[in-house]
1. Against the condition crowded, with 20+ Cβ neighbours inside 10 Å, within 11 Å of the ligand (Cβ to nearest atom), modelled with pLDDT of 95 or more and of a type in the set (Val, Ile, Thr), how does ILE104 come out, does it pass?
2. VAL88 passes all but one of (1) near the ligand (Cβ under 6 Å from one of its atoms); (2) modelled with pLDDT under 95; (3) farther than 15 Å from ALA21 by Cα; which number fails?
3. In segment 171-183, which residue that is surrounded by 15 or more Cβ atoms within 10 Å (Cβ to Cβ) and more than 11 Å from the ligand (Cβ to nearest atom) is nearest to the chain's Cα centre (by Cα)?
4. Search segment 132-158 for residues being assigned to a loop (DSSP other than H, G, I, E, B) and touching a helix residue (DSSP H, G or I) at 6+ places or on another chain (Cβ under 9 Å), and hand back the single one that is surrounded by the most Cβ atoms within 10 Å (Cβ to Cβ).
5. Kindly provide the set of residues from segment 36-69 that are within 8 Å of the ligand (Cβ to nearest atom), of a type in the set (S, T, N, Q) and either touching a residue at least 40 places away in the same chain (Cβ under 8 Å) or not in a helix (DSSP H, G or I) (or both), ordered by number.
6. For segment 197-206, enumerate the residues that are charged (D, E, K, R) and either crowded, with 18+ Cβ neighbours inside 10 Å or within 6 Å of the ligand (Cβ to nearest atom) (or both).
7. Say whether the condition of being crowded, with 18+ Cβ neighbours inside 10 Å and either free of Cβ contacts under 8 Å to residues at least 24 places away in the same chain or closer than 17 Å to ALA183 by Cβ (or both) is met by at least one residue in segment 78-98.
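The values are calculated or read from the model by the stated rules, or taken from the named source; none is laboratory data. The shown structure was predicted, so the numbers you read here are calculated from the model rather than taken from an experiment. Glycine also receives a Cβ, built like all others from the backbone with ideal geometry; neighbour counts cover every protein chain displayed.
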Amino acid sequence: MPHKLLTQIAQAVTNGEREPAVAHTRAALAAGIEPLAVIDEGLVPGIREAGDRFQCGDYFLPNLIASARAMSASMEVVEPELRARQQVARRLGTVVIGTVKGDIHEIGKSLVATMLAASGFEVHDLGVDVPIERFVSAAREHDATLVGMSALLTTTMGGQRKVIEALTAAGLRDRVKVMVGGAPVSERWAEQIGADGYAEDAVAAVALARRLVGAGNG
Ligand code: B1M
């Protein structure tokens, strides 16, 4: 059974209660609960419940926005803790990451970016609603070893394929590895569009990125 504070965090996020969500998050960290557990067992179940309620018509967009704000505010509290726990001396590679065009879902992408940075990658986060060409120019500009794309909507997933095609057209595809993720994305989709890998969550994304740059599992 999850710790009471984690249940309270989840409920506050689902209810879109920003101050309580932040307060419970601080309390959980102060109580010694690991930052990743705060995310995976508190914040994420809370936002997923809001999404489920939205899907079945119990919640409207303003509810979803309030939940997302409560989650984002709490993530701001967790992220420094997450980074502080990972002491990494060497640079594993350079990642350019963003959410594809037409898609403004930010939370999961930012979590992946934070975890990659905390694990020793140099990360350039392009934000959300990122045009195809921006991925290409940023990969070139930063001499990226990895390009990461997030998509949360079935209607925007196709943008991942388009970016891969644009990287190929720009002559960069054999220099960068491409990883994709996001709720509607799957291993099969990654294969179909010619990506180098798919990760289900932020922890898996770090393992995948390490594997793609040949850094092992350590
Ligand atoms: Co939207 N939304 N949303 N939303 N939203 C979903 C995705 C949805 C499934 C909700 C639902 O109906 N159940 C649905 C999509 C349906 C579909 O296409 N199949 C949906 C919809 C319909 C919409 C709108 C169209 C609603 C509307 O306007 N009518 C609209 C679209 C806006 C747009 O993008 N153009 C919209 C808007 C919003 C908000 C703005 C209100 C808000 C986002 C706020 C923000 O990000 N700043 C929002 C939210 C919060 C959600 C849900 C509830 C939660 C997403 C989230 O943050 N999850 C979501 C429901 C759901 O996913 N169950 C939903 C928590 C996060 C930690 O998980 O993002 O999955 P996630 O990221 C994970 C993994 O996927 C993975 O690791 C992350 C960490 O573990 N991962 C990667 C992600 N990216 C990766 C990249 C990688 C590797 C792994 O490598 C590069």
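1. Against the criterion (crowded, with 20+ Cβ neighbours inside 10 Å, within 11 Å of the ligand (Cβ to nearest atom), modelled with pLDDT of 95 or more and of a type in the set (Val, Ile, Thr)), ILE104 does not qualify.
2. It fails just one condition, (1).
3. VAL176
4. Here the answer is ALA151.
5. SER67 - this is the single residue of segment 36-69 that is within 8 Å of the ligand (Cβ to nearest atom), of a type in the set (S, T, N, Q) and either touching a residue at least 40 places away in the same chain (Cβ under 8 Å) or not in a helix (DSSP H, G or I) (or both).
6. Result: ASP201, single match.
7. Yes.
Conditions (1) at pLDDT below 95; (2) among the β-branched types (Val, Ile, Thr), marked per residue:
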position	(1), (2)
ALA117	yes, no
GLU122	yes, no
HIS142	no, no
LEU146	no, no
MET149	no, no
GLN160	no, no
THR168	no, yes
GLY182	no, no
ASP201	yes, no
